[in-house]
Amino acid sequence: MHLPVLVPEAIQALAIRAGGTYVDGTFGRGGHSRAILERLGPAGRLIALDRDPQAEQAARGISDPRFSFIQARFSDLSKVLGERQVEGLLFDLGVSSPQLDDAARGFSFRADGPLDMRMDPTSGVSAAQWLSQAEEEEIREVIRGYGEERFAKQIAAAIVAARLREPLRGTRQLADLVGQAVRTREPGQDPATRTFQALRIHLNRELEEVSVMLPQAVARLAPQGRLAVISFHSLEDRIVKRFLQSAARPEMPRKLPLKASEMPQPLLKLLGRATRASREETTRNPRARSATLRVAERTAVPYSAVDSSPNRIEPGARWRN
């Protein structure tokens, strides 16, 4: 069962207008989407996105004429929306519990399964394929950079040595290999945790997806519309935090005299500080411990920096309702 995190906080952050149009950019299993629909009026609309085919299956369980689903990356937001502006966008950047708990997806080492880790198993290369051909230096840099793993050098060397003996195909096979290469680990954390996180982030281009999505989200927000982003690890949160701060405090030209009316105007207004899950929620759902919610509101300043994306994804058969 998947428990969505920070639901009341995210809904409050969106300040939902009954007749507005909203986007749930990471549908998952629909927890946030259902909460948004509860607050929309008859004229309201909710568009949900997710690249995971299993999320599309879950979306079929919502039979609401105000709801539409399209299987797409959230970095394709501009193509999905075209020129449409919306009153709010919500992005929950975490991996869903069903993805982690399904051994066939290869995200977790708790149960043995194929070494896959793709959000969309129908595209891209699996973890097993990538590890079979990547150079040792590349493997080391991915594990060090995305996993913040101090034993990245030893782990990469162990992977390259092991694949000479036999292909790496299973999650437990990789986890055991990492466990042998890591000398010490924080209490309560499996030695393979950081390596699995790093490979998942790299294979799914998760940080790049966030960086591409954020300016598109700002461009599609109507004035006074809200952008809410929930991140789960420091690398994602750093990207979100810096982007929002930059959009809320545009850089002023140096040594160039300007009138007040000529000064760069902010695209966003930051709303409050970062929000984290309450003790009650983390007790009920330990996954919520690392969740961080950041919120900003769109100003009326025009924004034309993002391509209007004429190659729009048309609704067609891939839309729900």
Accessible solvent surface per residue of the chain, calculated while the other protein chains remain in place, 1.4 angstrom probe, Å² = 49
Probe 1.4 Å, all protein chains present, accessible-area order of R284, R84, R279, largest first = R279, R284, R84
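Please give the FRET efficiency for L270 paired with A43, using the beta carbon to beta carbon distance and R0 = 25 Å, rounded to the nearest 0.05.
Values: r = 30 Å, r/R0 = 1.19.
Step by step, r from the Cβ atoms, then E = 0.25.
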Considering only protein heavy atoms, with the full assembly of protein chains and a 1.4 angstrom probe, order T184, T122 by accessible area, largest first.
-> T122, T184
Please work out the Cα center distance from the stretch 130-193 to the stretch 271-288, rounded to the nearest Å.
-> 31
Dividing the mean separation of Cα pairs under 8 Å (6+ apart) by the residue count of the stretch 131-176 yields a relative contact order in percent of 37
Packing-wise, with mean Cβ within 10 Å as the measure, how do 212-218, 104-110 rank, highest first?
-> 212-218, 104-110
Order of 185-192, 40-47 by packing, highest average Cβ count within 10 Å first?
-> 40-47, 185-192
Protection proxy (average C-beta count within 10 Å per residue), highest first, orders 285-291, 22-28, 160-166 as 22-28, 285-291, 160-166
Calculate one ³J(HN,Hα) per residue across the stretch 277-285 by plugging θ = phi - 60° into the Karplus curve 6.51 cos²θ - 1.76 cosθ + 1.60, and present them in order as whole Hz with x for glycine and proline.
-> 5, 6, 4, 5, 5, 5, 5, 6, 9
Relative contact order for the chain, counting Cα pairs under 8 Å that sit 6 or more residues apart, in percent | 22
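The values are calculated or read from the model by the stated rules, or taken from the named source; none is laboratory data. Note that the structure is a prediction, hence the values are computed from the model and not measured. Virtual Cβ from ideal backbone geometry, glycine too; neighbours counted across all protein chains shown. Accessible surface is based on the protein model in full, side chains and every heavy atom, while ligands, DNA and RNA are left aside. Shrake-Rupley method; radii C 1.70, N 1.55, O 1.52, S 1.80 Å.
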